[in-house]
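Asker: Mind looking over this structure? Questions follow.
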Amino acid sequence: MNHRERILAAIRHQPVDHIPTDIWMTEEVQRRLFNYFHIGTKSSSPQTGLCGGSLFYSLQDTLTLFDILDVDGIMNVAPPYIGPSLKQEGDYTENEWGIGSYPQVYDSGVYQETIRHPLADAETIDDLDAYPWPDPDWYDYSALPKLINECRGRAVCVGYTAVFYYHNLLRGLELSLMDPILRPEFTHYLIKRLTNTLFEYHRRCFEAAPSLIDITQVTDDFGSQSGLLINPKTFETFYRSPIQRAIDQAKSYGIIVFHHDDGDMRKLLPTLTGMGIDVLNPIQWRCGDWDLKALKNEFGSQLCFHSAVDNQQTLPFGTPEDIHKEVKYLIETLASDHTGFIIGPCHNLQAVTPVENILALYQAARTYG
């Protein structure tokens, strides 16, 4: 099987020759791996857009790294942004939504922290109408087929719908959590405008590259370290319908729905599974109390599990032997039927993770998978 075939077979619960792998990592980790293997030059123009996701280095050099590590990988591709110039003052930048960020240096790396929420001062529906919503004309969809074909036989993901997360970014986390309670009409209207924008963007993406797109993200961040960030009733009232609309849109084009949801989001899992998600990422089983054998038994016929190797303790602070033991356990539980699992770190590998632990992850995947 080639890389794409292996990923898609696992998602479809078909036999695989071995358990497929994926990798997510911060820029610091990517740079360290490139230096370790003596490959790569930094990309001067990473592909970004509504889809989210960036390549910090050129696509071809990234694929070379994947080949060395024997990573199957799911490649994120987005139409290039061709809209109005975006604000940049020193290290401060704004994206096409007007969401402003600034690099914050921590001991373990640099993170782009959001410091401007463009709708933080909005109080009325008129304020929402006055906001300059991104125009779907600001992207070059015609570039998608060429960009996808450059992915050299890898599974391709195009698109990123995250209704709750964009609500957080546009209003700020605190206001976005209070909005449904204090401003229900305002919240419904904000979410309607947001989802209409995302829906049209994705329609154009999907129609620009028919049959070339394997996967899209209909995703969010409802989980905390322990429990949900919102009440399930709030999910049902405000977020379920627009998320269902995005899932249905993807399915109408025959595209697999990948759902990323950090933390302890288990209370929403039966609902999301019933709504039609196909892949669940990242299985942060140390957030809350996940029973992975029960998870596979209950949802394994409907969901493909993605990632799961612990990124809070095992990968950054464990030994290679700890990682081998964990990978073996994850394969025995989440791939107990020898499919339906794509193994990788549960979220971005952090700068504190030793290279030898990263190598151990993929060595273990080959050994036990």
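Here, each number is a calculation from the coordinates, and none is a lab measurement. Computed from a prediction, not measured in an experiment: that's the story for all the values here. Note that we place each Cβ from the backbone using ideal geometry, even for glycine, and neighbour counts take in every protein chain shown.
Asker: State the extension gain, in nm to one decimal, for the chain segment bounded by Val355 and Asn196, taking 0.36 nm per residue of separation less the distance between their alpha-carbons.
Answerer: In short, 53.0 nm is gained.
Asker: Suppose every K and R has +1 on its Cβ and every D and E has -1 on its Cβ; what is the size of the dipole of the chain about the Cα centre, in Debye to the nearest 20?
Answerer: Dipole magnitude for the chain comes out near 780 debye.
Asker: In the neighborhood of Asp135, defined by Cβ-to-Cβ distances under 11 Å, what is the net charge if each Lys or Arg adds +1 and each Asp or Glu adds -1?
Answerer: So the environment of Asp135 carries a net charge of -3.
Asker: Candidates [x] 152; [y] 273; [z] 133; which is the computed volume of the Cα convex hull per residue in Å³?
Answerer: This structure yields the entry labelled [z].
Asker: Springs between alpha-carbon pairs under 10 angstrom, Gaussian network model over the chain: which of Ala246, Ala130, Ala122 fluctuates most?
Answerer: Ala130
Asker: Using a Gaussian network model on the chain with a 10 Å cutoff between Cα atoms, which of Asp121, Asp22, Asp61 fluctuates the most?
Answerer: It is Asp121.
Asker: Sticking with this one: Rounded, prolate or oblate: pick one for the range 123-168, where a ≥ b ≥ c are the square roots of the eigenvalues of its C-alpha gyration tensor, a/c under 1.5 means rounded, and failing that, prolate if a/b is larger than b/c, else oblate.
Answerer: It comes out oblate by the Cα gyration axes.
Asker: With runs of 4+ DSSP H residues as the only contributors, calculate the mean residue ellipticity of the chain at 222 nm using -39,500 (n - 2.57) per run, divided by the residue total and rounded to the nearest 500.
Answerer: -12000 deg cm²/dmol
Asker: OK, next. Mind checking the range 101-194 for GluC sites (Glu not before Pro) that DSSP puts in a loop (not H, G, I, E or B) and that have at most 11 other Cβ atoms within 10 Å?
Answerer: Filter output for the range 101-194: Glu123.
Asker: A follow-up question, please. Give me the percent relative contact order of the chain, please, defined on Cα pairs under 8 angstrom at least 6 residues apart.
Answerer: Here the relative contact order equals 20 percent.
Asker: Return a single number: how many Lys pairs in the chain, at a sequence separation of 8 or more or on separate chains, have alpha-carbon atoms below 18 angstrom apart.
Answerer: Number of lysine pairs found: 6.
Asker: Using bins 5 angstrom wide from zero, how does P(r) for the range 217-333 break down, in % of all Cα pairs?
Answerer: Answer for the range 217-333: a P(r) of 2, 11, 20, 23, 19, 13, 7, 4, 2, 0 percent.
Asker: Still on this model: Using amide H atoms built in the peptide plane, which far-off residues or other-chain residues are under 5 Å from Tyr57 H to H?
Answerer: Ser43
Asker: Which ³J(HN,Hα) values, rounded to whole Hz and listed in residue order, are derived for the range 213-222 from phi using the Karplus coefficients 6.51, -1.76 and 1.60 in 6.51 cos²θ - 1.76 cosθ + 1.60 with θ = phi - 60°, glycine and proline given as x?
Answerer: Result, rounded to whole Hz: 9, 8, 9, 9, 8, 10, 9, 5, 9, 8.
Asker: Using a Förster radius of 35 Å, what is the FRET efficiency between Asp70 and Tyr131 based on their Cβ-Cβ separation? Nearest 0.05, please.
Answerer: For Asp70 and Tyr131, the calculated efficiency is 0.15.
Asker: With a ≥ b ≥ c the root eigenvalues of the C-alpha gyration tensor of the range 65-151, is it rounded (a/c under 1.5), prolate (a/b larger than b/c) or oblate?
Answerer: Here the range 65-151 falls in the oblate category.
Asker: Have a look at Leu272, Leu86, Leu173 and tell me which one the Gaussian network model of the chain (Cα, springs below 10 Å) gives the largest fluctuation.
Answerer: Leu86
Asker: Per 0.36 nm of contour for each residue apart, how much would the distance between Leu177 and Tyr111 grow if the chain were fully extended, relative to their Cα-Cα spacing?
Answerer: 21.4 nm
Asker: Here is a follow-up. Rounded, prolate or oblate: pick one for the range 93-138, where a ≥ b ≥ c are the square roots of the eigenvalues of its C-alpha gyration tensor, a/c under 1.5 means rounded, and failing that, prolate if a/b is larger than b/c, else oblate.
Answerer: Here the range 93-138 falls in the oblate category.
Asker: Which far-off residues, 5 or more places away or on another chain, put their amide H under 5 Å from the one on Leu349, with H placed in the peptide plane?
Answerer: Here the answer is Trp24, Met25, Thr26, since their amide H atoms fall under 5 Å of that of Leu349.
Asker: Same structure, new question: For Asn76, which sequence-distant residues (separation of 5 or more, or a different chain) have an amide H within less than 5 Å of its own amide H, given hydrogens modelled in the peptide plane?
Answerer: For Asn76, the qualifying residues are Cys157.
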